[in-house]
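Remarks on the structure that follows.
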Amino acid sequence: MTTLPQSVTVLGSGAGALSSAMELSLAGVEVTVADFERFRTNIDAINAHGVIRLKTPWHRITESPARGSLDPAAAIRDADVIVVSVPAFGHDTFADLLAANLSGGEQVIFAGEGGGSLALVAAMRRADRRIEVDIAELNSLPYGARVREPGLITASRKIGGTIAAGMPAGNRAVRTACAIWSSVSAGESVLETVLLNFNAIDHVPPILANLGAIEGRPGKFLLWGEGASPAVARFIGAIDAELIDIRRTLGFANLKGYETYLVEQGFAPTFLGDLHATLQSSAFSDSTFGTGPNALESRYITEDVPYALCLMASIGREVGVPTPTVDAMIHLAGIATGTDYRARGRTLATFGLDGVGRDGLLEATRTGWW
C-alpha cells in the first residue's frame with residue numbers, strides 16, 4: 001500500500017487545485033500551490049494567512065496550512081510529487097513547463113479531465129527530452145467544487161466512480177493518486193480515463209437541445225432537471241454507448257456505463273435502469289446553468305467539445321468504431337458557436353498518435369512513449 005508523500009506541489013489555483021491542496025494539507029502533507037502571475041490574487045490569498053479555507057454548511061470555515069508560489073517552474077524543480085489540476089485547455093501550458101523543468105524520478109498526477117498525461121509526453125517529445133517520470137491522470141475531479149473567493153472554496157467529495165491510470169501503465173503515481181483520494185481506484189489505461197469523461201457525456205447534450213431557453217432568457221436553467229427530458233437523456237445515453245463500444249474494442253474490462261457511475265460517484269441514490277429516471281433522482285436535477293446571450297461561452301462547451309468530444313471521436317476513428325452521436329454534438333456545437341471544432345479540437349494527431357491503429361495506441365499508452 002502506498003503511503004502519502006511528505007510534500008506535494010499543486011499546479012493551478014482553481015477549484016480543483018485548491019480542493020486537492022486542501023485534501024493533502026488536512027492529511028498532514030506539506031503543500032505548495034503554484035500558479036502564474038496572472039493568477040496572483042489566488043496565490044496572494046493563500047500567502048496572506050498561510051492557509052487554504054474550506055467552507056461547509058456544518059463546519060463553517062476550516063483552514064489548513066499551505067504556501068503559495070508565483071514561480072511554478074521553481075516549484076516543479078523542488079518537488080518529487082506534483083499534482084496538476086487545471087482545465088484541459090491549460091494542459092499544454094503546464095505540460096511544456098513540466099517538460100522543461102522535470103529532472104527525472106518525479107511523480108506527476110493530472111487531476112481533472114483526462115488527456116494531461118498524453119499532453120505531457122507530447123511536450124517531452126517536442127522538447128526532445130525523454131524524462132523518466134511516472135505520470136498518472138484521473139478521469140474526473142474527485143470533488144464537486146467551486147471557488148467562492150480567492151483562497152476560499154466549497155467542495156464535496158465523491159464517494160467513488162473515479163479512476164486513475166498511468167503512463168507507463170500501473171506505475172507508482174497511480175498508487176499515489178489512490179492513496180491521496182480514497183474514492184479513486186486504479187484503471188487500465190489513460191485511454192480509459194479519456195473515454196470516461198463524464199462532463200463531455202452529460203454537459204453538451206442538454207445545452208444543445210435547449211438552446212432557445214438557454215440563450216433566450218436571463219437567469220438560471222435546470223440543465224438536468226428541466227433540460228434532461230427523456231429525449232435528451234437518450235442523447236446522453238447514445239454518447240455513452242458509443243464510448244463503451246470504443247472501450248470494448250480497445251479490450252478494457254471495465255464497461256460500466258454513465259448511469260452506473262452516477263450512482264458510484266454518489267450523485268444518484270440507486271441504479272434505476274432508466275437514465276432519465278436516474279438523472280431525475282440525482283443531485284443534478286436541481287443543478288442550475290447560467291442563461292443568456294453569452295451562455296455558450298461556458299466551459300461546458302468551450303472545454304468539453306474541443307478537448308474531450310473531439311479527442312474521443314478521433315480515438316473512435318483510429319480503432320474503427322463509428323461515433324455518429326459524438327460527431328453530431330461536435331458539428332452542432334460548431335454551428336451554434338461559429339467555431340470549427342474539427343479543425344481546432346484536440347485529437348490523436350495533436351499528440352502524434354494518429355495512424356498508429358488500435359494496437360499502436362495500446363502499446364504507446366502502456367509504455368508511456370511513442
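The values are calculated or read from the model by the stated rules, or taken from the named source; none is laboratory data. Predicted model only: the values in this text are computed from it and were never measured. Cβ atoms come from the backbone with ideal geometry, glycine included; neighbour counts cover every protein chain shown. Surface accessibility is based on the protein's heavy atoms, side chains included, excluding ligands, DNA and RNA. Shrake-Rupley method; radii C 1.70, N 1.55, O 1.52, S 1.80 Å.
Data table
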{"read-out": "Test: residue in the range 282-300 that is touching a residue at least 24 places away in the same chain (Cβ under 8 Å), among the β-branched types (Val, Ile, Thr) and either part of a loop (DSSP other than H, G, I, E, B) or surrounded by 15 or more Cβ atoms within 10 Å (Cβ to Cβ) (or both)", "value": "yes"}
{"read-out": "Subset of the range 123-135 (residues that are open to solvent by less than 10 Å² (accessible area, probe 1.4 Å) and closer than 15 Å to Thr93 by Cα)", "value": "Ala123, Met124"}
{"read-out": "Members of the range 61-94 that are assigned to a strand (DSSP E or B) and either in contact with a Pro (Cβ under 6 Å, 6 or more places away or on another chain) or among the hydroxyl-bearing types (Ser, Thr, Tyr) (or both)", "value": "Thr62, Ser64, Ser69, Val81"}
{"read-out": "Matching option when the condition is within 30 Å of Ala364 (Cα to Cα) and without any contact (Cβ under 8 Å) to a residue 12 or more places away in the chain, among Leu250, Leu255, Leu243", "value": "Leu255"}
{"read-out": "Any hit, the range 156-177, residues being at pLDDT 95 or above, among the hydrophobic types (A, V, I, L, M, F, W, C), out of contact with any Asp or Glu (no Cβ under 9 Å at 6 or more places or on another chain) and under 27 Å from Ile246 (Cβ atoms)", "value": "no"}
{"read-out": "The range 138-155, residues that are open to solvent by 20 Å² or more (accessible area, probe 1.4 Å) and without any contact (Cβ under 8 Å) to a residue 60 or more places away in the chain", "value": "Gly144"}
{"read-out": "Only listed residue being at pLDDT 95 or above, β-branched (Val, Ile, Thr), more than 22 Å from the chain's Cα centre (by Cα) and open to solvent by 20 Å² or more (accessible area, probe 1.4 Å), chosen from Thr350, Thr337", "value": "Thr337"}
{"read-out": "Selection count where residues are in a helix (DSSP H, G or I), among the β-branched types (Val, Ile, Thr) and open to solvent by 10 Å² or more (accessible area, probe 1.4 Å), scope the range 301-334", "value": "3"}
{"read-out": "Filtered residues of the range 246-268 (kept if within 17 Å of Thr162 (Cα to Cα) and not in a helix (DSSP H, G or I))", "value": "Phe252, Ala253, Asn254, Leu255, Lys256, Gly257, Gln265, Gly266, Phe267, Ala268"}
{"read-out": "Residue in the range 95-111 that is in contact with a Pro (Cβ under 8 Å, 6 or more places away or on another chain), assigned to a loop (DSSP other than H, G, I, E, B) and either in contact (Cβ under 8 Å) with a residue 12 or more places away in the chain or hydrophobic (A, V, I, L, M, F, W, C) (or both) present", "value": "yes"}
{"read-out": "Filter pass, Ala79 being aliphatic (A, V, I, L, M), out of contact with any strand residue (DSSP E or B) (no Cβ under 8 Å at 6 or more places or on another chain) and surrounded by 15 or more Cβ atoms within 10 Å (Cβ to Cβ)", "value": "no"}
{"read-out": "Pair list, Cβ under 7 Å, 6 or more apart: the range 43-68 residue within 9 Å of Leu152 (Cα to Cα), other residue assigned to a helix (DSSP H, G or I) and open to solvent by less than 30 Å² (accessible area, probe 1.4 Å)", "value": "Ile52/Leu18; Ile52/Ala21; Ile52/Met22; Ile52/Ser25; Ile52/Ile46; Leu54/Met22"}
